[in-house]
Amino acid sequence: MLPSSSRVRLMEAQRIGVFGGAFDPPHNAHVALAEAAMAQLDLDELHVIPTGQAWHKSRALTPKEDRLAMTRLAFGDLKGTVVVDSREVLRDGPTYTLDTLHELQREQPGAQLVLIMGADQASALPTWHGWQDILGIAIVSVAYRALSTGNTARFDPKSLPGLPPGARFEALELPPMDISATEIRRRAALGVDISSLVPPTVARYIDQHHLYRTA
């Protein structure tokens, strides 16, 4: 017989995590966030979704085939049920998170969707397409990186202007990691070693496919 806590958990709606991004390239901080989400958010499944045509990006992204391949390499061996979801790179036209959430709702009716994002993305939510509708569909899990300075001030999502009633938020705690895809692309373009910033399989893929090089 299952313990009482397990029986209760089985009766609850499945919790499906949704973690999207350009993943250009996916790096160690992305992987750490996915691991933290699986450990802290009581997820039954985590969908890692590389974006297709990003309406909000001012620069051209690396071809979607490369970003999808790197995402599979970066997240493929994580513990738990982690799915690298290709739906957005296969979608025609601009990529909107709201459309993805609607699709997941139709595929897994009754599931609780948990949209995972960094605090900087959460603070920009009012600029997202259909952001208030997003908050009606999904819990938003805001990832906070520990600050080495000791400053405890951090973004409060409930301070967002126009926040719809019933909006739900959860906190996801991360260790301090000073890694950015922009810096990785810069280093790769200069031929500087990036092996400490990305998973080894991703570093090899970037090298073998000559990504981010200017010539």
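Take the conditions closer than 25 Å to Ala122 by Cβ and either in contact with a His (Cβ under 6 Å, 6 or more places away or on another chain) or assigned to a loop (DSSP other than H, G, I, E, B) (or both) and apply them to Asp42. Does it pass?
Details: closer than 25 Å to Ala122 by Cβ: yes; either in contact with a His (Cβ under 6 Å, 6 or more places away or on another chain) or assigned to a loop (DSSP other than H, G, I, E, B) (or both): yes.
Considered against the rule, which asks whether it is closer than 25 Å to Ala122 by Cβ and either in contact with a His (Cβ under 6 Å, 6 or more places away or on another chain) or assigned to a loop (DSSP other than H, G, I, E, B) (or both), Asp42 comes out as yes.
In the stretch 158-170, how many are within 11 Å of Pro126 (Cα to Cα) and under 21 Å from the mean Cα position of the chain (by Cα)?
1
Would you confirm, using the coordinates I've provided, whether Glu173 is open to solvent by 80 Å² or more (accessible area, probe 1.4 Å) and in contact (Cβ under 8 Å) with a residue 40 or more places away in the chain?
So Glu173 passes the test.
For the stretch 98-116, does any single residue satisfy the condition of being exposed (fewer than 15 other Cβ atoms within 10 Å of the Cβ) and in contact (Cβ under 8 Å) with a residue 60 or more places away in the chain?
Looking through the stretch 98-116, at least one residue is exposed (fewer than 15 other Cβ atoms within 10 Å of the Cβ) and in contact (Cβ under 8 Å) with a residue 60 or more places away in the chain.
Could you grab me the full set of residues in the stretch 80-104 that are touching a helix residue (DSSP H, G or I) at 6+ places or on another chain (Cβ under 8 Å) and more than 22 Å from Leu172 (Cβ to Cβ)?
Ser86, Arg87, Val89, Arg91, Thr95, His102, Glu103, listed by residue number.
Which residue, of Ala39, Ala29, Ala34, Ala13, is modelled with pLDDT of 95 or more, on the phi < 0 side of the Ramachandran plot and surrounded by fewer than 17 Cβ atoms within 10 Å (Cβ to Cβ)?
Ala39
Checking the condition charged (D, E, K, R), surrounded by fewer than 18 Cβ atoms within 10 Å (Cβ to Cβ) and modelled with pLDDT of 95 or more, which residue from Arg213, Arg186 passes? First the steps, then the outcome.
Numbers: Arg213 fails: modelled with pLDDT of 95 or more.
Residue meeting the stated conditions: Arg186.
Considering only residues that are of a type in the set (Asp, Glu) and open to solvent by 50 Å² or more (accessible area, probe 1.4 Å), look in the stretch 68-97 and name the one that is farthest from the chain's Cα centre (by Cα).
Taking the candidates together, the pick is Asp92.
I need a count of the residues in the stretch 38-79 that are in contact with a helix residue (DSSP H, G or I) (Cβ under 8 Å, 6 or more places away or on another chain) and among the β-branched types (Val, Ile, Thr).
Matching residues across the stretch 38-79 total 3.
Does the stretch 122-130 include one or more residues that are within 16 Å of the chain's Cα centre (by Cα), more than 19 Å from Pro50 (Cβ to Cβ) and open to solvent by less than 20 Å² (accessible area, probe 1.4 Å)?
Looking through the stretch 122-130, at least one residue is within 16 Å of the chain's Cα centre (by Cα), more than 19 Å from Pro50 (Cβ to Cβ) and open to solvent by less than 20 Å² (accessible area, probe 1.4 Å).
Identify, by number, the condition in (1) open to solvent by 40 Å² or more (accessible area, probe 1.4 Å); (2) more than 27 Å from Pro199 (Cβ to Cβ); (3) of a type outside the set (Ser, Thr, Tyr) that Glu65 doesn't meet.
(2)
The values are calculated or read from the model by the stated rules, or taken from the named source; none is laboratory data. This is a predicted model, so every value here is computed, not measured. When we count neighbours, we look across all protein chains shown, and the Cβ atoms used for this are built from the backbone with ideal geometry, even at glycine. All accessible areas refer to the heavy atoms of the entire protein, side chains included, with ligands and DNA or RNA removed. Shrake-Rupley method; radii C 1.70, N 1.55, O 1.52, S 1.80 Å.
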